[in-house]
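The values are calculated or read from the model by the stated rules, or taken from the named source; none is laboratory data. Source: prediction; values computed, not measured. Here the Cβ is made from the backbone with ideal geometry for all residues, glycine too, and neighbour counts use every protein chain on show.
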Amino acid sequence: MLPKDRPELIKILRNASEFKASEVVVAEEVIDSHLHDPNGSGYYVLIAEVASSVAGYICYGPTPLTDGTWDIYWQAVAQGKRGQGIGGVLTKAAEKEIRKARGRLAIIETSSTQAYEKTLHFHIGQGYEMIARIPDFYSLGDDKLILQKRLSYPDGRKEKS
Ligand SMILES: CC(C)(COP(=O)(O)OP(=O)(O)OC[C@H]1O[C@@H](n2cnc3c(N)ncnc32)[C@H](O)[C@@H]1OP(=O)(O)O)[C@@H](O)C(=O)NCCC(=O)NCCS
């Protein structure tokens, strides 16, 4: 991501019906943290471009105090460009970078509400497995779902079973 991508990306986040205004504020803070210190903030951001316009993004970073676990924090594709494979390309690009950094486990957290049903389907389609559920985490009736994917190392070595 470059500073010039920020305005278009913020527009995508503000137009995403799934996100509450308070969530967009946090997403923006994280993006700004990355732009301020791309290598030291702990947040990495990749942008997908279609015809030189920002079409989506993914934000991820190493989980503090772990050895090789990474969080995929945020991901969004412009409302009119969903379902065309852009989200899948972003996930794969982030996983490639995580592997290069010798990451072995990618974690995604999401909500159990109906608004995120398609999102859950998307992550499962990308090979993520639901490994935990915390009832009423976000609010009463809105559980936190934790998904994981084990990643292999660039030299072909697999995660120990
Ligand atoms: C989730 C999201 C990033 C996926 O990106 P995408 O470019 O739409 O996904 P792809 O085209 O690569 O993959 C398509 C799959 O995603 C799923 N999907 C999720 N949301 C979708 C949507 N709004 N429209 C179409 N497909 C969607 C479909 O089920 C589809 O699976 P299928 O091919 O088996 O039908 C995107 O839809 C989005 O921005 N959603 C809203 C924000 C969000 O939930 N972000 C994740 C939490 S931070």
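Structure data summary
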quantity	calculated
Flag if R150 is surrounded by 12 or more Cβ atoms within 10 Å (Cβ to Cβ), at pLDDT 95 or above, over 14 Å from the mean Cα position of the chain (by Cα) and within 14 Å of the ligand (Cβ to nearest atom)	no
Test: residue in the stretch 94-111 that is over 23 Å from F19 (Cα atoms), charged (D, E, K, R), within 15 Å of the ligand (Cβ to nearest atom) and without any contact (Cβ under 8 Å) to a residue 60 or more places away in the chain	yes
Filtered residues of the stretch 122-143 (kept if within 12 Å of the ligand (Cβ to nearest atom) and either hydrophobic (A, V, I, L, M, F, W, C) or under 15 Å from E18 (Cα atoms) (or both))	F122, I124
Of all residues making up the stretch 51-83, the number that are out of contact with any His (no Cβ under 8 Å at 6 or more places or on another chain) and within 25 Å of K100 (Cβ to Cβ)	23
Among the candidates Q148, Q84, residue that is at negative phi and part of a loop (DSSP other than H, G, I, E, B)	Q84
Subset of the stretch 59-80 (residues that are in contact (Cβ under 8 Å) with a residue 60 or more places away in the chain and more than 13 Å from the chain's Cα centre (by Cα))	A78, Q79
Residues (touching a helix residue (DSSP H, G or I) at 6+ places or on another chain (Cβ under 9 Å) and either of a type in the set (D, E) or more than 24 Å from R82 (Cα to Cα) (or both)) located in the stretch 16-42	E18, E23, E28, D32, L35, S41, G42
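Quick grid of which residues meet (1) charged (D, E, K, R); (2) more than 8 Å from the ligand (Cβ to nearest atom):
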| site | (1), (2) |
| --- | --- |
| R6 | yes, yes |
| L13 | no, yes |
| E29 | yes, yes |
| H34 | no, yes |
| V54 | no, yes |
| Y73 | no, no |
| Q79 | no, no |
| G85 | no, no |
